[in-house]
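Below you'll find the structure, written out as structure tokens, and then a few comments.
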Amino acid sequence: MTASGRFARVSFQICRVVAASLLVLALGSSAANAQSASNGGFSIEDIAVRDNLIAAQETLLNIYRCQFGLDIEAVPGGCTAGYPTLGFSQPAEFKGVPTPEDIAIRDQLIAVQEALLNTYRCRFDFEIDTHITPEGCPGQAQSEPSPSLALDALVRPDDVEGDPPPGLITPTGVSVAVVGVNEGRFVVTTPCGSISTVSAGFPLQGVRVVVDPGHGGSYDVGAVGPNGLAERDLNLTLSYSVLNELSNRGIPAASTRNGHYGTTLSVRAAFADALGAEALVSIHHNGPTYRTGSQPGTEVYVQSVSAQLPRADSARLGGLLHQEITQALSGFDNVAWSRVPDAGVIRVLSTRGRDAYGMIIRPNVPAVLVEYGYLSNRSEAALFATDEYIRVAAKATANAIEAYLNTDRSGTDSNQQPRVFDPARAPSRCNEVVLE
């Protein structure tokens, strides 16, 4: 598969994860309600469970259609840049008294949608989701289903008892922190730091890890490889794969951005803090190129408690990431890696003696920034454009995060001598995106 084809495939994985999570949750609720239905009489909840499932299945079908050019005439509103223009499908409000016919119609539609989803999965070789097709696909080994992210069904403020969720994925797939509720709408912080409202969203609760795809949007491209690969896109693609790896391990995670739009450093950091995450990992690829050699030049920047001391939890997370990533990347042959002499687990201080990078100094949660390698280096850029790199790097990243969360293991020791560097300020321009 070409690099462009891979990015088209992977770039909708966050939408697929959200939709798949809704499918699992709605199916579980449907099974729970089936018993009460068989005992006679149906409730509004029985209808709502089915309508949520139908909307989630429709969302996933439309994502497949738009990303792969299949049956796109069936997508309400059409497709824009490979995504359903109207975003996530939402169930219509049911009024009246549920009847057996209402239930039967919905169950039939659910079965038809499921059959079509499984046809897409098997016929078009998506390389994802095939593990949940009944009996698998012809000629494909069966595997165990993967757990989904800890997302509840689409909710509105009136559905919430007590405090609102700390974060949401809006109907258009944008991650936002929730400030409060006003006049029946969630009050949220936009990616550019403004205050706005949305009527509904997928609540983010119990999130343990926040992944931050560095850069993003038209004003903050990051490094660009000799092959034309932009860092903002590479970071996003790798982040999607990391989220999938964490989901497969039952670790609830969320991303600071889920698409090709900009978001400020302060918003990213505040999002992780609002969710109460246990770790924040910011994903980057470096430049310019230094001398090359046989070992990866991965750098992991960690937080300080003072100019003299690293923050212990950040340093442990960074050490595990550096250990797992460099070990994994060393398995690639014929790569001339760029590397600076002090590459490793590093604290980078400004000339004022404070952490230099915004994604390190701003979050209260344990945070690290990973420079996996040098996108500016022709040899590495060619590797970064492959599916195998994304798979290997994502697995190594998830291995480190899982070890950080669930063990007391440590990895590579931090460099004793901090680097002193005053980075250029991140672009301040930011275009707002549609939230619903």
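The values are calculated or read from the model by the stated rules, or taken from the named source; none is laboratory data. The structure presented is a predicted model; accordingly, all values stated were derived computationally and were not measured. Positions of Cβ are generated from backbone atoms using ideal geometry, with glycine treated the same way; all protein chains shown enter the neighbour counts. We work out accessible area using only protein heavy atoms, side chains counted, and drop any ligands, DNA or RNA first. Shrake-Rupley method; radii C 1.70, N 1.55, O 1.52, S 1.80 Å.
Which shape class applies to segment 365-436: rounded if a/c is under 1.5, otherwise prolate when a/b exceeds b/c and oblate if not, where a ≥ b ≥ c are the square roots of the Cα gyration tensor eigenvalues?
On the way: a/c = 1.30, a/b = 1.20, b/c = 1.08.
Rounded.
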Rounded Å value of the spacing that divides the Cα centres of segment 421-436 and segment 269-323
20
Compute the separation of the alpha-carbon centres of segment 170-190 and segment 63-112 and state it in Å as a whole number.
24
Size of segment 295-398 along its principal axes in angstrom, Cα-based, largest extent first?
40, 27, 19
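Out of all DSSP beta bridges with both ends in segment 246-402, state the antiparallel percent to the nearest 5. Don't skip to the end; give the middle numbers.
On the way: 8 of 16 bridges.
Looking only at bridges with both residues in segment 246-402, the antiparallel portion is about 50 percent.
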With only alpha-carbon atoms counted, please give the Rg and Dmax of segment 240-332, in Å.
15.3, 42
Give me the extension gain from Asp408 to Ala115: residue separation times 0.36 nm, minus the current Cα-Cα distance, reported in nm with one decimal.
101.0 nm
Order of 297-307, 191-201, 69-79 by packing, highest average Cβ count within 10 Å first?
297-307, 191-201, 69-79
Using modelled amide H (1.01 Å from N, peptide plane; none on Pro or chain starts), what sits under 5 Å from the amide H of Val179, excluding residues fewer than 5 places away?
Val187, Val188, Thr189
Extension gain from Asp387 to Asp107, taking 0.36 nm per residue of separation minus the Cα-Cα distance
97.0 nm
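Per residue, how much space in cubic angstrom lies within the convex hull of the C-alpha atoms of segment 152-193? Don't skip to the end; give the middle numbers.
On the way: hull volume 3.2 nm³, N = 42.
Looking at segment 152-193, the number lands at 77 Å³ per residue.
In segment 295-341, what percent of the accessible surface is made up of carbon and sulfur (1.4 Å probe, ligands and nucleic acids excluded)?
Values: 940 of 1910 Å².
Carbon and sulfur: 49 percent of the exposed surface of segment 295-341.
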Computed accessible area, Glu231, all protein chains, 1.4 angstrom probe, square angstrom:
10
